[in-house]
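Asks: For reference, the structure I am asking about is given below.
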Amino acid sequence: MKKMIFGMGAALAAVVGASPASAAVYKYTVHRTDFPANIVDTITLDTATGAGNWSSNDPFSLNVVFTFPVDSTVYSGTSPQFTLHNLTNVSGIRTLNGVIYNLNLNLQPPELTFVAGVVVLSASWGPNGEGGNLLANITGFEDITPITPVSVPEPALLGLFGAGAVMVMMGRRRRPLSKSSAGKVQGNARLAMA
């Protein structure tokens, strides 16, 4: 019986441990070194969907959208260190000296790097790569993960059912009869036979 309870407990721990990890949406405020202070950019990364964007409060200045692998490591704070390789579905525009350039994926595969409070989008812009990498300093960070009602994930729900089954089995186990109640049961059986 003890082995069975131990085995079910181990299975319960494994099932509960298999619950999905939580995801987050991070928003970094950045300032490009080649633009006036009133032009503020934001970079948003959604680790659940792998969707990201780098946009400006002046929409004609910069607007880039992309996706990244959802298993990428993404760190929070104003001085994170990580790189998002393998960006996909990348598109965007960038204004340089009053001219708008489209992102050119043929010249360089883009990647986004965060290091020591600086963000770099390695990319090429325009038909001949007129615009190079985007460079900006991180000036703020915010966790904007939507607050959703807490629900029990399916693996954890199965674990709860397993815990309930263990408790039912423990409650129904047979207990040895005391001598006084054993005599009564035997006496009642003799009367019924007579």
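The values are calculated or read from the model by the stated rules, or taken from the named source; none is laboratory data. The structure presented is a predicted model; accordingly, all values stated were derived computationally and were not measured. Every residue, glycine among them, receives a Cβ derived from its backbone with ideal geometry; neighbour counts consider all protein chains shown. Heavy atoms of the whole protein, side chains included, go into the accessibility calculation; ligands, DNA and RNA do not. Shrake-Rupley method; radii C 1.70, N 1.55, O 1.52, S 1.80 Å.
Asks: Hey, Asn38 hits all of (1) of a type in the set (S, T, N, Q); (2) in a loop (DSSP other than H, G, I, E, B); (3) at pLDDT 95 or above but one; which does it fall short on?
Replies: Condition (3) is where Asn38 drops out.
Asks: Since Gln81 meets every condition but one in (1) touching a Gly at 6+ places or on another chain (Cβ under 7 Å); (2) at pLDDT 95 or above; (3) open to solvent by 80 Å² or more (accessible area, probe 1.4 Å), which condition does it not meet?
Replies: (1)
Asks: Restricting to the range 32-52, count the residues that are of a type outside the set (Phe, Trp, Tyr) and open to solvent by less than 50 Å² (accessible area, probe 1.4 Å).
Replies: The first filter runs over the range 32-52 and keeps only residues of a type outside the set (Phe, Trp, Tyr), leaving 32-34, 36-52.
Of the ones still in play, those that are also open to solvent by less than 50 Å² (accessible area, probe 1.4 Å) are 32, 39, 41-47, 50-52.
Residues flagged as of a type outside the set (Phe, Trp, Tyr) and open to solvent by less than 50 Å² (accessible area, probe 1.4 Å) within the range 32-52 amount to 12.
Asks: Would you call Ser124 open to solvent by less than 70 Å² (accessible area, probe 1.4 Å) and modelled with pLDDT under 95?
Replies: On the way: open to solvent by less than 70 Å² (accessible area, probe 1.4 Å): yes; modelled with pLDDT under 95: yes.
So Ser124 fits the description; yes.
Asks: If you don't mind, another one. Which of the residues spanning the range 6-31 are modelled with pLDDT under 55 and surrounded by fewer than 14 Cβ atoms within 10 Å (Cβ to Cβ)?
Replies: Taking the range 6-31 as the starting set, the residues that turn out to be modelled with pLDDT under 55 are 6-21.
Once the filter is applied, which keeps residues that are modelled with pLDDT under 55 and surrounded by fewer than 14 Cβ atoms within 10 Å (Cβ to Cβ), the range 6-31 yields Phe6, Gly7, Gly9, Ala10, Ala13, Ala14, Gly17, Ala18, Pro20, Ala21.
Asks: Right, something else. What pairs come out if I take residues in the range 40-57 that are within 21 Å of Asn86 (Cβ to Cβ) and hydroxyl-bearing (Ser, Thr, Tyr) and pair them with residues that are open to solvent by less than 20 Å² (accessible area, probe 1.4 Å) and part of a loop (DSSP other than H, G, I, E, B) whose C-beta lies under 8 Å away, six or more apart or interchain?
Replies: If the second residue must be open to solvent by less than 20 Å² (accessible area, probe 1.4 Å) and part of a loop (DSSP other than H, G, I, E, B), the pairs left are Thr47/Ala24.
Asks: So, of the residues in the range 100-116 that are part of a strand (DSSP E or B) and not acidic (Asp, Glu), which turns out to be surrounded by the most Cβ atoms within 10 Å (Cβ to Cβ)?
Replies: To start, the set of residues in the range 100-116 that are part of a strand (DSSP E or B) comprises 100-103, 111-115.
Next cut, not acidic (Asp, Glu) only: 100-103, 112-115.
Numbers: Ile100: 14, Tyr101: 18, Asn102: 13, Leu103: 22, Leu112: 24, Thr113: 15, Phe114: 22, Val115: 12.
So, considering only residues that are part of a strand (DSSP E or B) and not acidic (Asp, Glu), the one surrounded by the most Cβ atoms within 10 Å (Cβ to Cβ) is Leu112.
Asks: Here's another thing I want to ask about it. Of all residues in the range 57-77, which are surrounded by 13 or more Cβ atoms within 10 Å (Cβ to Cβ) and over 19 Å from the mean Cα position of the chain (by Cα)?
Replies: Asp58, Ser61, Leu62, Asn63, Val64, Val65
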